[in-house]
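See structure below.
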Amino acid sequence: MTLHAPFLGYKNNINLNSDIKRFDLASMVTTTSIDLHATRIAPAAEVTFFVPAQHVPAGTAVDPQSNGKPIPDLFKPLTIRGVTFQNRVWVSPMGQYSAKDGFPSPWHKAFYCGLLIHGPGLTSVEATAVSARGRVTPEDCGIWSDAHVAAWKEITAFAHSQNQKIGIQLAHGGRKSSISARWLIKGGLSVPAEHGGWPEDVYAPSAVQFAEGMATPKEMTKDHICEVVKEFKDAARRAVDAGFDTIELHGAHGLLMNSFDSPTSNHRTDEYGGSWENRTRFTLEVIQAVRSVIPDTMPLFYRISATEYLESQPEASWQLEDTVKFAGIIANHGVDLIDLSAGGNSMKQDVKLGPLHQVPFSEAVKRAHGDKILVAAVGGINNAEDAQRVLEKGQADVVLMGRYFQKNPSAVGLFAEQLGVEIFRSYQIEWPTVGRGQSLLKRAAALT
Ligand SMILES: Cc1cc2nc3c(=O)[nH]c(=O)nc-3n(C[C@H](O)[C@H](O)[C@H](O)COP(=O)(O)O)c2cc1C
């Protein structure tokens, strides 16, 4: 492993494997002969501010474990295309409703950087709008201009200074646009123009209102459909420029793609409505457009609502079998991972929440497609044993958590303790526990 930063300040670009052997790290920290070398911290590369380099990403399991036990699946690394994730406990996207004009703020820095210093395999930022009118709330984040790129770069640069991976979720709210932030009013209420909303500028496949009090959307023309596909494409290009490691397309929770796919919200009679193939056409166009502008090495994920929870209703709806079929199709279009959420496209939904409530959906896709597409489970995963069991039973390849990470930013560390797994943490957090100088010994042993 070559480190492009002065390690302990004694020279540039050392090869950790051979140099650690050569300098005998153990004696380096216990004798005085080369103490001078141990007086300076190696800085993280490629950032304009000083922060210590993390030679091994926090959240990585020590391999082999000093007790000789096998590493549980949750802490096994995963490589997708050109990106390696050090573990399989990932942060699910969570809207913060704290942006002005789509720009991430100091809150976003505190929130995301506070999570990623503890080493989730991937920290995904929230639904980020591809256009101003594609925001769900006026306070949503966005990436519809180059100025947004610069703002996001501050967060991705910090992630990379920590040797961590950061993803973005690209979204268009469709008929759920221009509503109030979640903690203000249950269900959301249309925000009028005088309070920063755009209720006259809300678009969807059909003019079908989601709920009373929300805008009745205008039916999108074909030109408008093309425009939105291009907005996704441009946003993906910007996400690459901004330094994100992964892109997830938000096709769940009643947002625009979800509402095109479902017969409950898509009543069109042109080639974007009617048959299953027609309804999913827009989503596939977005996927193709995005895949065409991002590097081959960059993983592309898709979040879907596996079901609308309308199985008990007489009308046709999007159900799990549609999701299973669709997963196979999007895998052929360059989607590497499908993230199985559910609901959010109908007020009539009949949801049964609880621990692991969406795991049957990830399991169904996994059983149908095996390794053709990777699968993420999310929803009600709140402890290490459950998370590990989901992977062990082959119900998913990774687990995502939302609320648990909000309450416990160091969830990866907690899970490691619960499973008895020895992991690396950030130097600043690790040394007081393992002892002065011991972090270096721990890494030397792991990297030689
Ligand atoms: C505060 C909050 C904001 C959320 N925002 C988003 C979002 O921006 N995009 C999305 O796809 N899901 C969003 N979700 C859903 C979560 O990603 C996750 O799927 C859900 O909370 C279930 O997982 P959990 O039980 O681990 O919290 C949000 C959830 C919460 C709690």
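Legend: ranking of residues R88, R135 from fewest to most surrounding C-beta atoms inside 10 Å; resulting order R88, R135.
By how many nm would the segment from K100 to E321 lengthen if fully extended, with 0.36 nm per residue of separation less the alpha-carbon distance? Each step should come with its number before you reach the end.
Values: separation 221, 0.36 × 221 = 79.56 nm, distance 3.96 nm.
Here the segment from K100 to E321 would lengthen by 75.6 nm.
Could you tell me what percent of the DSSP beta bridges with both partners in the chain are antiparallel, to the nearest 5? Let's see the in-between values first.
On the way: 8 of 42 bridges.
Close to 20 percent.
Exposed loop positions in the chain were taken to be chymotrypsin sites (Phe, Trp or Tyr not before Pro) whose DSSP state is not H, G, I, E or B and which have at most 14 other beta-carbon atoms within 10 angstrom. Between these positions, the longest stretch is 184-448. Here the Karplus relation 6.51 cos²θ - 1.76 cosθ + 1.60, evaluated at θ = phi - 60°, turns the backbone of the stretch 227-233 into coupling constants of 4, 5, 4, 5, 4, 4, 4 Hz, with x for every Gly and Pro.
The fraction of all Cα pairs in the chain landing in successive 20 Å bins from 0 to the largest distance is 25, 54, 19, 3, 0, given as whole percents. Inter-label distance, N408 to R436: 3.3 nm, where each label sits 7 Å from its Cα along the C-beta direction. Expressed as a fraction of 2.2 N^0.38 Å, the value expected for a compact globular protein of N residues, the C-alpha radius of gyration of the stretch 43-164 is 1.21. Helical runs (DSSP H, four residues minimum) scored at -39500 (n - 2.57) apiece and divided by the length of the chain put the mean residue ellipticity at 222 nm at -9500 deg cm²/dmol. Helix 438-447 sits at what angle to the longest principal axis of the chain, using alpha carbons and giving 0 to 90 degrees rounded to 10? Around 80 degrees separate the two axes.
Once the Cα-Cα distance is subtracted from the 0.36 nm per residue extended length, the Q65 to Q288 segment shows a gain of 76.0 nm. Assuming charge only on the beta carbon of Lys and Arg (+1) and of Asp and Glu (-1), the dipole of the stretch 168-236 about its Cα centre is about 300 debye to the nearest 20. Residues of the stretch 139-177 falling in the label zone of E227, defined by backbone nitrogen less than 18 Å from a point 7 Å along Cα to beta-carbon, are 143-145, 171-177. With a simple spin-label model that places each label point 7 Å from the Cα along the Cα-to-Cβ direction, the separation between Q418 and L184 comes to 3.5 nm.
Hey, what's the per residue convex hull volume over the C-alpha atoms of the stretch 187-323, in cubic angstrom? List each step's numbers first, then the result.
Values: hull volume 18.5 nm³, N = 137.
Convex hull volume per residue, Cα atoms: 135 Å³.
Cross-link reach is defined here as a Cα-Cα straight distance under 27 Å, omitting same-chain residues fewer than 8 places apart; for K325 the lysines meeting it are K176, K222, K230, K233, K348, K352, K366, K372, K393.
Work out which GluC sites (Glu not before Pro) in the chain are exposed loop sites (DSSP not H, G, I, E or B, at most 16 other Cβ within 10 Å) and give the longest gap free of them. Segment 47-211 is the longest.
Straight-line cross-link partners of K442 among the lysines, defined as a Cα under 28 Å from its Cα and at least 8 positions apart when in the same chain: K11, K21, K69, K76, K165. Centre-to-centre separation between the Cα atoms of the stretch 72-108 and those of the stretch 373-448: 14 Å. Taking only the alpha-carbon positions of the stretch 154-247 and ignoring solvent, what does the Debye formula give for the base-10 log of I(q)/I(0) at q = 0.11, 0.13, 0.16 Å⁻¹? One equal scatterer on each Cα of the stretch 154-247 leads to -0.46, -0.62, -0.82.
For the chain, the relative contact order comes to 16 percent (Cα pairs under 8 Å, sequence separation of at least 6). Each principal axis of the stretch 203-269 carries a Cα extent, and these read 39, 24, 21 Å when sorted largest first. Placing unit charges on each Cβ (+1 for Lys and Arg, -1 for Asp and Glu) gives the chain a dipole about its Cα centre, and among T84, A110, V56 the Cα reaching farthest toward its positive end belongs to V56.
Here's the list of aspartates and glutamates a cross-link from K153 could span, going by alpha-carbon distance under 20 Å and ignoring same-chain residues fewer than 8 apart: E46, D101, E126, E139, D140, E231, D234, D241, D245, E248. Place a point 7 Å from Cα of D201 in the direction of its Cβ. Which residues in the stretch 248-273 have their backbone N less than 19 Å from it? Under 19 Å, as judged by backbone N against the label point of D201, lie 256 of the stretch 248-273. For the chain, a simple Cβ point-charge model (Lys and Arg +1, Asp and Glu -1, everything else neutral) yields a dipole of about 980 debye relative to the Cα centre. Ordering I304, I143, I41 by the number of other Cβ atoms within 10 Å of each residue's own Cβ, fewest first, gives I41, I304, I143.
No value in this document is a laboratory result; all are computed from the given coordinates. These numbers come from a predicted model, not from an experiment. Glycine gets a Cβ as well: all are built from the backbone with ideal geometry, and neighbour counts include every protein chain shown.
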